[in-house]
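Just below is one structure, and these are the notes that go with it.
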Amino acid sequence: MNKIILTTALLVLFCACNNKSSDQRIIADSSGNINNLSVVIDNDLWQGEVGEAIRGVLASPVDGLPQDEPLFSMNQIPPSVFSGFVTHNRTVLKIEKSKPLDFKILKDVYSKPQKVVVVSGKTNQEIIDLIEKNSKKIIDAFKQEEIKEKQRRINLSLHDDKEIQKALGISLKFPSAYRIAKHEDKFFWIRKDITTGTTNLLLYELPFSSVKRNDSLMSRIIKIRDSVGQVHIPGPTDGTYLITEQAYAPFQFETTLNNKPTIETKGNWEVHDAFMAGPFINYIIEDKANNRLVVIEGFAFSPSVEKREYMFELEAIIKSIKIK
């Protein structure tokens, strides 16, 4: 009798688990290089005005780089071959012509994690108008997905940030390949050697009142950067040091980091009295709770090579910051 009851119970449990698993869709892991976008579109649309509109948005130059580099590298895929492993790219833009006007941002459609943007319309012009109208949403959706993926990869091997936490009350997730090159009081210079140069992070604090949002904001930020460079970031010879490039004005944006109001500045640096230069991204975070401004900056030195991915890594690291 006990054997019959046990067998029945096991059968009920097996059937319940079977039903549960059948209700859950099995989905593959996504893949692909960072900032590499699949564009699912007919060949004639890609080669015509619709393709031009897509490239005008998603292959527009990254702000603050010394040479033009596109926001995303794109791979066009005709709908007829968009199946199987081809659908597993982490970021996908689908263009559907001869369908009702629609714009959708979808999650984990063919793989996980994945962001799929679908743009449909009955005519080329309807599709172009939707792409241009929603350009910021499209860029933000794909970029956020790629930042998350880059941070996931960074988290696989992290540098110990206890020294930074103790000095500044800040946690930062950066790869173990970086090293703390300089720590003086509440200033940190963190570096990683790359094939053609270095990628760098600066971390320090300022009095809360040292930066004000007025007409002289940009000149004030440049003055602070240059003074910090003169004190802490020497060039290759005596009397040389890091400054903001004088030939071009940096880009400036309002954003948030760690849920705090933040000024974002992108531009190019150079070394005073030396032939060295490259891109930087600088964030000034309002930390009202501690009556201070927290400054975190990334810059790369990598002459004669593309720098988009180096700067993207620095941005992903910076966006992991947590202020206690």
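General remarks:
- Residue check for F301: out of contact with any Gly (no Cβ under 6 Å at 6 or more places or on another chain) and either open to solvent by 10 Å² or more (accessible area, probe 1.4 Å) or modelled with pLDDT under 95 (or both): no
- I138 farther than 28 Å from K192 by Cα and either in contact with a Gly (Cβ under 9 Å, 6 or more places away or on another chain) or free of Cβ contacts under 8 Å to residues at least 40 places away in the same chain (or both): no
- If you go through region 273-298 and keep only what is open to solvent by 30 Å² or more (accessible area, probe 1.4 Å) and either β-branched (V, I, T) or touching a helix residue (DSSP H, G or I) at 6+ places or on another chain (Cβ under 8 Å) (or both), you end up with E286, K288, N291.
- Odd one out for L314, checked against (1) without any contact (Cβ under 8 Å) to a residue 40 or more places away in the chain; (2) crowded, with 21+ Cβ neighbours inside 10 Å; (3) not β-branched (V, I, T): (1)
- Tallying residues that are under 13 Å from E313 (Cβ atoms) and either in a strand (DSSP E or B) or open to solvent by 80 Å² or more (accessible area, probe 1.4 Å) (or both) within region 112-159 yields 2.
- Residue within region 296-315 that is in contact with a Lys or Arg (Cβ under 9 Å, 6 or more places away or on another chain), among the β-branched types (V, I, T) and over 16 Å from E69 (Cα atoms) present: no
- Hits in region 184-232 - residues which are open to solvent by 70 Å² or more (accessible area, probe 1.4 Å), among the acidic types (D, E) and in contact (Cβ under 8 Å) with a residue 40 or more places away in the chain: E184
The values are calculated or read from the model by the stated rules, or taken from the named source; none is laboratory data. Everything numeric in this text was worked out from a predicted model, so none of it was measured. All Cβ positions, glycine included, derive from the backbone under ideal geometry; neighbour counts span all protein chains shown. Keep in mind that these areas ignore ligands, DNA and RNA; they rest on the heavy atoms of the full protein, side chains included. Shrake-Rupley method; radii C 1.70, N 1.55, O 1.52, S 1.80 Å.
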